[in-house]
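Engineer: Please find one structure pasted underneath; my questions will follow.
The values are calculated or read from the model by the stated rules, or taken from the named source; none is laboratory data. It should be emphasised that the depicted structure is a prediction, and the values quoted were computed from it without experimental measurement. A quick note on method: Cβ atoms are made from the backbone with ideal geometry, for glycine too, and the neighbour counts reach across all protein chains shown. To get the accessible areas, we keep the full protein, side chains included, count just its heavy atoms, and leave off ligands, DNA and RNA. Shrake-Rupley method; radii C 1.70, N 1.55, O 1.52, S 1.80 Å.
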Amino acid sequence: MTTLPAQKLNGKLTLGENTADNGGLRIAYMALLDTLAAQGKTIDDKIDGYTEAQRYFLGFAQVWCQNQTEQAARQAAAGGPPLAGPLARQRHSAELRPVRQSLGCTKGQPMYPVNSCRVW
């Protein structure tokens, strides 16, 4: 994997995309909980060693796997909506408690900074 130089995003330009990602992921997770309950299953049931929650969040993360040149990343970060969404590698919703719990994140780790906040 090639590591691109740090790219700062303009939060004002990415706010809509960030909110949509976070809200959509949360609503879909709630639907998953309801579906599992209707099937008599729980979010902690495992398939191939992963809980339902882990499989759900890993699936979301895989949607955003991509290769991107530095030039393309800079262009996307600098553009206005709809181009100014978060870069794929910056799309995550670790502020969602279920993400942190299912992946075993603890405060102070990269996915759970000490100075984090809750959006929803």
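Engineer: Return the distance in nm (one decimal) between the two label points of a simple spin-label model at Gln109 and Gln71, each offset 7 Å from Cα along Cα→Cβ.
Structural biologist: 3.8
Engineer: Still on this structure, please answer the following. Glu70 accessible area, nearest 10 Å², 1.4 Å probe?
Structural biologist: That residue has around 80 Å² of solvent-accessible surface.
Engineer: Taking the simple approach of a point 7 Å from Cα along Cα-to-Cβ for both Val63 and Arg97, what is their distance in nm?
Structural biologist: 2.3
Engineer: Next up: With θ set to phi - 60° and the Karplus curve 6.51 cos²θ - 1.76 cosθ + 1.60, what are the ³J(HN,Hα) couplings of segment 102-115 in order, to the nearest whole Hz, using x for Gly and Pro?
Structural biologist: Along segment 102-115, the couplings run 5, 9, x, 6, 10, 4, x, 7, x, 7, 8, x, 4, 9 Hz.
Engineer: Over the C-alpha atoms of segment 15-81, what are the Rg and the largest Cα-to-Cα span, Dmax, in Å?
Structural biologist: Looking at segment 15-81, its Cα Rg and Dmax stand at 16.2, 49 Å.
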